[in-house]
Amino acid sequence: MFRKVHYRLTLLCGGITTFLLLVMSLLYLYVSESGLKQSHFLAFQRDTGNLIANFEQQTVISHTWLAQMESLNSVTMSVTDNGVPLLFCDRAQDEKRERTEREALEYYRSHYAITTDSPFQSYHTAYPFTSTDGRDYYASYACIPHENGETEILILFPLENQKKQIQNQRKRFAAIDFTAMVLLFLFSFFFTKKLLIPVEENRLEQIRFVAAASHELRTPLAVILSCTGAIRGQNSAKKASPEEAETFLSTIDSEGQRMRRLIDDMLFLSHSDSHDFQIRSEPMEPDTLLLNSYEAFEALANEKNIRFGILLPDSPMPPCLGDGERLLQLLAILLHNAVSYTPEGGSITLSLSYAKPQKTGTARLYRPDFYTIAVADSGIGIPDGEKSKIFQRFYRSETSRSAKEHFGLGLCIAEKIVRSFHGSIRVEDTPGGGSTFLLQLPFIPAPRPAPS
Ligand code: ADP
């Protein structure tokens, strides 16, 4: 499925960028070609104007002068005096040229011919023209009156070079556009592939999550079904006695509780994935919350003969803004793990620290940026290779796989809560053995209550 999406995205991305590139190129070509044609036409107008002005100043028109002017300006000139062609007798008979000149003259007469009020005034018009054999020219017609009549000059400038120049420019653009198109498609291919990696990873994670969740739910469900079967006597000849039924019922109850915890955890993660779990921002005292957690887990630690201690800063920490309930949930996960993975006779320490108050002038400022909570145990520890994996969903180390009350979701939930606090969580080895989980949470001072 992803391959299909990848190809479609490549086509879409490459198609849109190529389309834009083509539109831009065509626009550029249009502007550049029009500019080129316009500048060529203006140059032709200027050159023929000079030529005709030169012509007017000549008293005698020599063949050499005309031939020079023709080759200098890359034009062909035809001159008639009172309708009689000048110089044609010397010029090699060129039927094609004569036909073109005739057509250019006719074109001028039908489109531009002007009647001047003063027959003694010379005039000159430049115009683009296409001959019947499809060749493009710039033509210039001039009429110079003199005492015995008038001299007409027709100058033709073939546009073959200009056409070639334009064609070469088009070819260059086509080559550049084609290369750019290939590069754009290649770029789109790799870019969309990179873009889809997190989506693909997310999908795989969802698949793994569903598989692991079903696996985790299947075990308590199987136990519940076998217990109900045993109570009803489905697999044996006789029904369970009331005492046996009571035992089965308490197993069903504890497995049901286990399923509920697992479902609660999964729901929490699903809310967190869809960013719709709420984090409150209300005044709380982290040291008081730590004490509450300590008291909640003291009995459990005592049961396992674990020394449990708490270290709080000497001066009480000022209240800050946060979600106290979530902080308690976070501490419960870490303390529950610490108690679970610390063998009898071990020790657990819960501690809180924050930057010491700074003295500025006469006022004391309590403004630490972060406060740190550490849960250090002397338990089985976490190998370095597993330290980054323990925050993944359903990850459990080999040693904890048999523990029924552990699903491998606790630390993943803890990380989500810490992230929603904009803090950080990491695990280190406790000196002498065991693990220490360190939480660094931002300190946002709670506003002082208004004096009543
Ligand atoms: P679980 O419910 O299995 O404890 P967690 O996500 O809380 O799931 O922890 C993931 C894994 O991290 C555990 O299976 C365990 O291997 C390891 N772990 C967590 N806390 C500790 C600890 N304090 N000491 C040793 N290992 C721990």
Check: For the chain, what is the mean residue ellipticity at 222 nm derived from helices alone (per DSSP H run of n ≥ 4: -39500 (n - 2.57); sum divided by total residues; nearest 500 deg cm²/dmol)?
Finding: -18500 deg cm²/dmol
Item checked: Taking the chain and dividing mean pair separation by its residue count, relative contact order in percent (alpha carbons under 8 Å, at least six apart) -> 11 percent
Next item on the list: Give the angle, between 0 and 90 degrees and rounded to the nearest 10, that separates the Cα long axis of helix 324-340 from the longest principal axis of the Cα atoms of the chain.
Entry: 60 degrees
Margin query: Longer than 23 Å from Cα to Cα, which of 389/416; 4/194; 304/387 are they? Say none if no pair is.
Written below: 304/387
Checklist line | Top positive-direction residue, dipole computed over segment 210-318 with Cβ charges, set 267, 313, 293 | finding: 267
Margin query: Report the Cα centroid-to-centroid distance between segment 226-300 and segment 138-173 in angstrom, as an integer.
Written below: 96 Å
Notebook entry, point to check: Size of the dipole of segment 12-98 about the Cα centre, Lys and Arg at +1 and Asp and Glu at -1 on the beta carbon, nothing else charged, in debye to 20?
Noted result: 340 debye
Margin query: Nearest 10 degrees is fine. How inclined is helix 410-420 to the longest principal axis of the chain, computing both from alpha carbons?
Written below: 50 degrees
Check: Between rounded, prolate and oblate, where does segment 282-443 land on the alpha carbon gyration tensor, with a ≥ b ≥ c its root eigenvalues, rounded for a/c under 1.5, else prolate if a/b exceeds b/c?
Finding: prolate
Note to self: If I model a spin label at residue 64 and residue 164 as a point 7 Å from the Cα along the Cα→Cβ vector, what separation in nanometres do I get?
What the structure shows: 3.0 nm
Margin query: If you roll a 1.4 angstrom probe over the protein chains with everything in place, what fraction of the accessible area of the chain belongs to carbon and sulfur, to the nearest %?
Written below: 58 percent
Next item on the list: For the chain, evaluate the Debye formula with one uniform point scatterer on each Cα (no solvent term) and list log10 I(q)/I(0) at q = 0.08, 0.12 Å⁻¹, rounded to two decimals.
Entry: -0.70, -1.10
Next item on the list: Using a Förster distance of 45 angstrom, determine the FRET efficiency expected from the C-beta separation of residue 214 and residue 239, and round it to 0.05.
Entry: 0.90
Check: Using a simple charge model, +1 on the beta-carbon of Lys and Arg, -1 on the beta-carbon of Asp and Glu, nothing else, what dipole does the chain show about its Cα centre, in debye to the nearest 20?
Finding: 1440 debye
Margin query: Give me the percent relative contact order of segment 282-443, please, defined on Cα pairs under 8 angstrom at least 6 residues apart.
Written below: 22 percent
Margin query: Just to verify a number: FRET efficiency for residue 261 and residue 197, C-beta to C-beta distance, R0 = 35 Å, to 0.05?
Written below: 0.55
Item checked: Cβ-based charge dipole, the chain, positive-most Cα from 145, 219, 250 -> 250
Item checked: Only Lys, Arg (+1) and Asp, Glu (-1) charged, at Cβ; segment 282-443 dipole about Cα centre in debye -> 420 debye
Checklist line | Calculated FRET value between residue 147 and residue 45, using beta carbons and R₀ = 25 Å, to 0.05 | finding: 0.30
Checklist line | Surface accessible to a 1.4 Å probe, per residue, for the residues of the chain, Å² | finding: 62 Å²
Next item on the list: Report, in degrees rounded to the nearest 10, the 0 to 90 angle that the Cα long axis of helix 95-111 makes with the longest principal axis of the chain.
Entry: 80 degrees
Next item on the list: Using a/c under 1.5 as the rounded threshold, could you call segment 241-337 rounded, prolate or oblate? The axes a ≥ b ≥ c are square roots of the C-alpha gyration tensor eigenvalues, and prolate needs a/b larger than b/c, oblate otherwise.
Entry: oblate
Checklist line | Potential extension, residue 102-residue 440 segment - 0.36 nm per residue separation minus Cα distance | finding: 112.3 nm
Notebook entry, point to check: Among 328, 397, 349, which residue has its Cα positioned farthest towards the positive end of the charge dipole of segment 282-443, with +1 placed on the Cβ of Lys and Arg, -1 on the Cβ of Asp and Glu, and the dipole taken about the Cα centre?
Noted result: 397
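The values are calculated or read from the model by the stated rules, or taken from the named source; none is laboratory data. Bear in mind that the values here come from a model prediction, so they are computed numbers and not experimental data. Cβ coordinates were reconstructed from backbone atoms using ideal geometry, including for glycine residues, and neighbour counts include every protein chain displayed. Areas reflect the complete protein model, heavy atoms only, side chains present, ligands, DNA and RNA absent. Shrake-Rupley method; radii C 1.70, N 1.55, O 1.52, S 1.80 Å.
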